[in-house]
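To start, the structure under review is shown below, and the notes come after it.
The values are calculated or read from the model by the stated rules, or taken from the named source; none is laboratory data. Fair warning: this is a prediction, and the values are worked out from it, not measured in the lab. Methodologically, a virtual Cβ is constructed for each residue, glycine included, from the backbone with ideal geometry; neighbour enumeration extends over all protein chains shown.
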Amino acid sequence: MPQFQRIVVLTGAGLSAESGLSTFRDKDGLWARYDYREVATPEGFARNPELVYEFYNQRRRHGLEAKPNPGHKALARLERQHPGEVLVVTQNVDGLHEAAGSQNLIHMHGQMAQALCSLCGARTPWVEDLSADLICPSCATHGGMRPDVVWFGEIPYELERIAAALQECDLFIAVGTSGNVYPAAGFVAAAREAGAHTVELNLEPSERASRFAEWVHGPASLIVPLYVDKLLGDG
Ligand code: BJW
């Protein structure tokens with residue numbers, strides 16, 4: 001395995017599946033049970049806020065009980081032991097990367113354990129249920145508190161920092177993501193254009209697998225630790 005200096009790892013729902021959290025597009029995933037237009041768009045929230053609060057309240061309660069699996073832990077170990085830079089960009093709104101020890105981490109689709117005030121823009125740590133009548137601790141106004149997650153039609157967080165990291169990386173790894181949702185789905189092309197080696201680590205070949213130069217398929221809790229061992233020269 002060549003020595004890579006700067007590694008960007010994009011993670012998706014498949015990484016947290018073995019921690020008991022649902023993916024979106026698998027046959028038993030969230031979008032098989034909920035219409036994404038009703039629960040993951042600003043228009044759906046405006047139409048039926050109660051449904052959206054309940055969707056996220058349930059997932060927050062369940063997510064708080066989840067524990068990182070060997071895939072999350074291996075990525076934290078990579079960051080600790082790799083002599084170069086490792087940046088994890090996660091589409092996941094759970095807190096499992098932090099719980100495993102990752103520090104150089106971007107939550108591009110927000111975080112379940114935060115609330116966003118749509119009136120003043122403040123983001124506040126939040127582990128309780130959310131509802132329409134809550135008061136924002138920053139602006140003391142009620143009626144604006146919503147989950148701090150990025151819905152369809154909204155702009156993901158920290159895109160400039162991600163673009164710069166993709167431009168500079170020499171290895172790009174995508175873990176447990178179907179590659180259906182932009183702009184994350186375009187990161188492999190950006191990394192490739194910048195000259196990086198690209199790898200898909202996924203349960204099965206994603207629809208976008210042919211965009212990668214290398215693939216390893218299997219459960220993340222198994223293949224991520226093995227791939228990290230190889231990168232660190234232990235495998
Ligand atoms: C395992 C496993 C195991 C299972 N081990 N693997 C046409 C072209 C381009 C863009 C668009 C377009 N039409 C519309 C758009 C825009 C839209 C979009 O991409 N739509 C597509 C559906 C086409 N995108 C947006 O609106 C985004 N914003 C945007 O584009 O802003 C404009 C803009 C951008 C940039 C510059 C300027 C302007 C926002 C997208 C927000 C997505 N939000 C959600 C919800 C977040 C909150 C929440 O969690 O509820 O994010 S949707 C959902 O999908 C969630 C996820 O983060 C995201 C990605 O899903 P992910 O992680 O890939 O999960 P799955 O289920 O799809 O895949 C799981 C994979 O794991 C599978 O492959 C399994 O095989 C695998 N797996 N078990 C390993 N054990």
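Of note:
- In segment 112-125, residue nearest to the chain's Cα centre (by Cα) [restricted to those that are of a type in the set (A, V, I, L, M, F, W, C) and within 15 Å of the ligand (Cβ to nearest atom)]: Met112
- Selection within segment 138-195 - of a type in the set (Phe, Trp, Tyr), under 18 Å from Ser206 (Cβ atoms) and surrounded by 15 or more Cβ atoms within 10 Å (Cβ to Cβ): Phe172, Phe187
- Among the residues of segment 20-35, the one identified as farther than 22 Å from Leu96 by Cβ and either aliphatic (A, V, I, L, M) or under 19 Å from the mean Cα position of the chain (by Cα) (or both) is Ala32.
- Close pairs from segment 96-121: first free of Cβ contacts under 8 Å to residues at least 40 places away in the same chain, partner of a type in the set (S, T, N, Q) and assigned to a loop (DSSP other than H, G, I, E, B), Cβ under 8 Å, at least 6 apart: Cys117/Ser138; Cys117/Thr141; Leu119/Thr141; Cys120/Ser138; Cys120/Thr141
- Test: residue in segment 183-195 that is in a loop (DSSP other than H, G, I, E, B) and more than 7 Å from the ligand (Cβ to nearest atom): yes
- Entirely in segment 1-111, the helices (runs of 4 or more DSSP H) that have 2 or more residues that are within 12 Å of the ligand (Cβ to nearest atom): 13-17, 30-33, 36-39, 42-47, 49-65, 70-81
- Residue count for segment 127-169, restricted to those that are assigned to a loop (DSSP other than H, G, I, E, B) and in contact (Cβ under 8 Å) with a residue 40 or more places away in the chain: 14
- Here Glu50 does not fit the description of being assigned by TED's automatic domain parsing to the domain that holds Phe4, acidic (Asp, Glu) and out of contact with any Pro (no Cβ under 9 Å at 6 or more places or on another chain).
- Of all residues in segment 196-226 being away from the ligand (no atom under 12 Å from the Cβ), more than 12 Å from Val8 (Cα to Cα) and of a type in the set (A, V, I, L, M), the one that is surrounded by the fewest Cβ atoms within 10 Å (Cβ to Cβ): Ala213
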